1. Can you name the residue in the stretch A:50-59 that is surrounded by 22 or more Cβ atoms within 10 Å (Cβ to Cβ) and of a type outside the set (A, V, I, L, M, F, W, C) and is also nearest to the other protein chains (Cβ to nearest Cβ) among such residues?
2. Between a first residue in the stretch A:8-30 that is at the interface with chain B (Cβ under 8 Å from one of its Cβ atoms) and a second residue that is among the hydroxyl-bearing types (Ser, Thr, Tyr), which pairs have beta carbons less than 7 Å apart while being 6 or more apart in sequence or on different chains?
3. Given A:LEU3, A:LEU10, A:LEU62, A:LEU69, which one is in contact with a helix residue (DSSP H, G or I) (Cβ under 7 Å, 6 or more places away or on another chain), within 24 Å of B:LEU351 (Cβ to Cβ) and not in a helix (DSSP H, G or I)?
4. Restricting to the stretch A:236-270, give me the number of residues that are over 15 Å from the mean Cα position of the chain (by Cα) and either free of Cβ contacts under 8 Å to residues at least 24 places away in the same chain or assigned to a helix (DSSP H, G or I) (or both).
5. May I ask you to verify whether B:SER171 is touching a Phe, Trp or Tyr at 6+ places or on another chain (Cβ under 7 Å) and either closer than 21 Å to B:ARG84 by Cα or touching a residue at least 24 places away in the same chain (Cβ under 8 Å) (or both)?
6. Please enumerate the residues belonging to the stretch A:60-76 that are closer than 26 Å to B:ASP226 by Cα and more than 9 Å from chain B (Cβ to nearest Cβ).
7. Among the residues of the stretch A:74-84 satisfying the criterion of being farther than 16 Å from A:LEU11 by Cβ and either part of a helix (DSSP H, G or I) or not polar (S, T, N, Q) (or both), which is modelled with the highest pLDDT?
8. Can you confirm whether the stretch A:96-109 contains a residue that is at pLDDT 90 or above and within 14 Å of another protein chain (Cβ to nearest Cβ)?
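The values are calculated or read from the model by the stated rules, or taken from the named source; none is laboratory data. Keep in mind that what you see is a predicted model, and the values were worked out from it rather than measured. Ideal geometry is used to build each Cβ from the backbone, glycine not excepted, and the neighbour counts take in all protein chains shown.
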Amino acid sequence: MILNPSILALLLSSLLLTLLVGHAFLTGVRIADKWDITSGSELQLDLERSTYLVSTIMNMALVVQLLSLFLFIFTADSLHTRLSGAMCAAGSLAANAYGYPVLVLKIANFLLCGIWLVINHVDSRAYDYPLIGPKYLLLRVIAPLILMEAALQLLYFMSLRSRALTTCCGSQFDSGSGPITSVIVSLPPAFALSLFYACMAAVLASGIIFLAARRGALVFGILSAAALPVGIVSLVAFISPYYYELPTHHCPFCIMQGEYGHIGYPLYLALLGGGVAGISCGVLASFRGAESLRSAVPAVQKRLAAVAVALYAAFVLLVSWQLAFSSLRMVGG
Amino acid sequence: MTPGIARYRNILDFTLRAMLRRRGKNLLVLTLFTLVIAVFASILLFTRSLRHEAGLVLKEAPEIVVQRMVAGRHDLISAEHVARIASLPGVRGVAPRLWGYYFDPSANATFTLVVPPDGGIGEGKARIGVGVGRSRKLFRGNTLVMRGYDGREHALEIEALIPEESELVSSDLVIVSERDFRSLFSFPSGRATDLAVTVANPREVGTVAGKIAELLPDTRTVTRDDIIATYQALFDWRSGVMGLIFASALISFALFAWDRATGLSAEERRETGILKAIGWETADILLMKFSEGAVIALISFLGGCILAWLHLHFFWGSLFGAFLKGWSTLYPYFRLAPVIDPYNLAVLFMLTVPPYIAAILIPSWRAASMDPDTVMREQ
């Protein structure tokens, strides 16, 4: 096992989070079982108070998840000197079977925590807690995932061996590598480019239509959810090479390094933030029926859609800027 | 200003005033948290500075060092090997290096004696690192006397002090001419301490090292990448162990903060009761409690970082530098330039702030969800 303060910080924070979310999970189970809004019993009052605890814990979970996602990538990046063959985070993550699953879980948990908090926010706007059912159902999904993330992260760091042989991002994000990455990397640039712009245009258009006409929130949510993987695939397929100005270098982690002005951070933040806001906007569409939420849902949806459109637009602008001014040309002359 | 921000501003305003009213209690938590953060910040800062120094040093290191081994121990290498290695394809140059350690009883420190590869220093002269100068109270023009392996005393005139670009490496250095070196240590002629190999293409370092090991089975090759990785592993591991040791301090502090947040005074309970009675919601009180935590965390974080910086800059990390540096007593003391980077700050934040927030989370919720009438009835 490799031991250093950043690994310690990651393990400690995920341990804390697991304990707290575990507590929230148990409270949530109690709430879901015993909830009776019409009752004025001591138990019901107690449960209503407990909802504040659960939402406070989830607030903290969201912040810690976001920080630990970036700290995890950064730590993996700084570990590459300790592993033979690794040149950035890609190699460190591939050093054993747990690296990439942890990363995927970190992203998924961040998204789920964000969606949970949006639902919670809407729920607290109504007098009769209409979303208590779906909210605690979602919590039952999130809690095991956070536990799984903590366990896999521990396994990942425990089974890292100094000087272990791994691959560098140059060979990992290469057409001869694993089935998924090789498909992504060997996508024809013109096709990847048009897929990216078509998807982003659809998201932005549906968002603007929703903002103007208050219709199609579900479509917007689904498109936002689709834009997230499309964005990541595009980052690997052509956006990163444009930043490196090297058509063969597809690594999605190196763009976070100082040599490229840490441009990866705003890109990923815009993509993740847009994803959370857009998906939540779509999720809220299914809660419109509740009587007590008649005014709250549209107001929150409007704000979410505006945030999602702004972040996705920022992402597209950042990418387009680089495409226009990079000295690399992968499409046309 | 939007109503949301105005609301938060008012709550923050109230929080700060309430905290000032309970100065004693908050000051205690603040001081302890600052100290805990200062310890972790010192460890991180110290390690970062050591890595920085090691990086500076190793930038100039040869790509491959060839050492002769006898029964698993490092031995002197014959100069005849130079030509054999130089004939390998890909090798740009091979230079025999002369260096060694000299224990100086009067300074109670070990000096590193080095002969520059290009000559460049006259016989009977020496250039010394600032650490050597400090420990023996020597200046330019003075004489450095060393006892040779033949029992005689060797006097060297100090030509200059080595400018301190990187004190970690130059601090204990004594640069002498080849002849002085050989006579001081009774060093056999035709032998060198080791060989420094430079390689034309940096990508071929591994291959060339492998070929040398094959050609000269009684030697071992150490590449620069190996050294960098080892240093990093060493510093990382040491700071990790230190972090683990001080984790107990962190946990004790979290328990203390938990206890403090749980044991509300009668006055605090009354205050919460009155606030609720005049229309504050549970969420507002929770926000107030967390603002309190955030204020304490922020001030302690900044204070801890500043303390750590002072510790390193003015006291050379004297509290636990010996453990992190490793050479302890036999090393001339040296100063490190503190290097602060955002990555370290993020690690420090993740290491110290979430435990504190987690500790006050449940007590804060308990305090915020008290019923006003229960509290009032207690009076």
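1. A:THR56
2. Going by the 7 Å Cβ cut-off, the qualifying pairs are A:LEU10/A:SER68; A:LEU10/A:THR75; A:SER13/A:SER68.
3. A:LEU3
4. Looking only at that region, the number is 17.
5. Working: touching a Phe, Trp or Tyr at 6+ places or on another chain (Cβ under 7 Å): yes; either closer than 21 Å to B:ARG84 by Cα or touching a residue at least 24 places away in the same chain (Cβ under 8 Å) (or both): yes.
Yes; evaluated as a whole, the condition is true for this residue.
6. Answer for the stretch A:60-76, where residues must be closer than 26 Å to B:ASP226 by Cα and more than 9 Å from chain B (Cβ to nearest Cβ): A:PHE72, A:ILE73, A:ALA76.
7. Taking the stretch A:74-84 first, the residues farther than 16 Å from A:LEU11 by Cβ are A:77, A:80-84.
Checking the rest, the ones that are also either part of a helix (DSSP H, G or I) or not polar (S, T, N, Q) (or both) come to A:77, A:80-83.
Details: A:ASP77: 83, A:HIS80: 78, A:THR81: 73, A:ARG82: 73, A:LEU83: 74.
Applying the filter and picking the extreme gives A:ASP77.
8. To start, the set of residues in the stretch A:96-109 that are at pLDDT 90 or above comprises A:101-109.
Still in the list and also within 14 Å of another protein chain (Cβ to nearest Cβ): A:106.
Yes - at least one qualifying residue is present in the stretch A:96-109.
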